Amino acid sequence: MRLELLFYEKDDFFDYRELKYSEGYSIISVSKFIKDNELIYEVDPETEIIDLSVLSEYVSLQLLPEQILPLFDDEIIFIADKKHKKLLSYELRFLFKDFKDVEKSYLNKEVNLENDSNEIPKKRHTKIIDLDDESIEVFFQSFREKLYGHPKFKDDLKEEINTFRIFNKLGEHKILSLFLMGDSGVGKTEVARTMFNCLDGKKKLAKINFGNYSNEFSLSSLIGSARGYTGSDDGEIFMKVRDTDVGILLIDEFEKSNASLFNYFLDVLESGKMTSSLGDEIDLNGFIIIFTSNISKEDFSKRISPELRSRFNYKCMFTVLSNKDKEKYIEFRVGSLIKKVKQEYNIEFPDNTINYFVKLIDVSKYKNMRDINKQIKKVFLKYIEDNNYIDIEHEEVQSASKFAVGRKIISLFR
């Protein structure tokens, strides 16, 4: 059972949000996770707060929360609008020990934004431009080892980054933009994740999926609605960039959006800044923005305007990995999973475990790393179950079932 659910007065919400914002938090509605439970495992308890107010609109109020809330990390802060206190206190009585109000004394704290009133508080991001000569060589070596395949891209990227670092210092080049094309699962998004890890990212990669931004309201969802409108808030891209600790931004499935967002990013790449609907700005000087797309070279010239195409510093078509590279990926991925499960459950694995997985999974059957990764997860979970590494009866999970434990383990694989 979780410790508490905090209730805020409607008139105090923006003060509360500002205070938590100054402490490094963003507030997210639980509705996002009702649509896709898998997103729960990506929530960072140190930077994100979950608002449960929308649960009051659901008919099956007690059943739904009991299915999804136990999946959240135990350290997550939960809040809700006080007008729903009576209803939520009763319906969620089996999930929370206490139901408290946000204290007025807390809301009266002074907030030091360290900026002008129209600017988002600045957070330090680790950027490629900040590395010294020794550190940049370590970065390149680590990147080559951790990204499988695509040797020409690795050579090109080194040249692009070195050029970017020089001209950024001269004030001539604010953002390094990469446009990566190719079939799904060939390693495009892995480029951003690998860069993030090689820059020692501790939080989460700032990632926006444009597959979710194809309607007429997409720009408002991305950069926030104008003040006074329902949902006037930081857009998703502002929250993601603010909450990450590395100067890498991944824009996935870029071709699925519309002209308004294309034009927005044309301005971002030209100015080096993101501007919200409220006039707030984030300076992206020194950032690397990676745009990925499943379109072909032919469609690239048809779908993306000449003005925007010219703003991309580097464009590359990714192809399918060789079987040798796929096997190297299995070695790396299984090694990573073993380390995570060992830390979480104190499990010792045999020395030949990685080779076992390499021999067991026939990489020739899979065209991309995404399908290989799915198979790795499936085989790994079965391997743990078959070898009785997890004691289901004594596992401290609210729902003491194999399914719940499996979900816990799968969450470690991300």
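The values are calculated or read from the model by the stated rules, or taken from the named source; none is laboratory data. Small disclaimer: the values here were computed from a predicted structure and weren't measured. Side chains are part of the model used for accessible areas, which takes the heavy atoms of the whole protein and leaves out ligands, DNA and RNA. Shrake-Rupley method; radii C 1.70, N 1.55, O 1.52, S 1.80 Å.
Things to note:
- 1.4 Å probe accessible area per residue over segment 133-318, in Å²: 44 Å²
- Applying the Karplus relation 6.51 cos²θ - 1.76 cosθ + 1.60 with θ = phi - 60° to segment 179-186 yields 3J(HN,Hα) values of 10, 10, 10, x, 4, 4, x, 8 Hz, where x marks Gly and Pro.
- Three-way shape call for segment 2-107 based on the alpha-carbon gyration tensor, with the a/c threshold at 1.5: oblate
- In sequence order, calculated HN-Hα J values of segment 91-104 (Karplus, 6.51, -1.76, 1.60; Hz; x Gly/Pro): 5, 9, 5, 8, 10, 10, 7, 10, 10, 10, 8, 5, 6, 4
- Computed in the context of the full set of protein chains, the accessible area of segment 133-318 at 1.4 Å probe radius has 46% of its extent on carbon or sulfur.
- Cα shape, segment 247-291, gyration tensor, a/c 1.5 rule: oblate
- By accessible area, using a 1.4 Å probe on protein heavy atoms only, segment 2-107 has 48% of its surface on carbon and sulfur.
- Amide H contacts under 5 Å for Ile49: Ser26, Ile27, Ile28, restricted to partners 5 or more places along the chain or on a different chain, H placed in the peptide plane at 1.01 Å from N.
- For segment 296-302, 3J(HN,Hα) computed residue by residue from phi via the Karplus equation (6.51, -1.76, 1.60; θ = phi - 60°) reads 7, 4, 5, 5, 4, 6, 8 Hz, glycine and proline entered as x.
- Eigenvalues of the alpha-carbon gyration tensor of segment 133-318, scaled by 5 and square-rooted, set the equivalent ellipsoid semi-axes at 26, 19, 16 angstrom, largest first.
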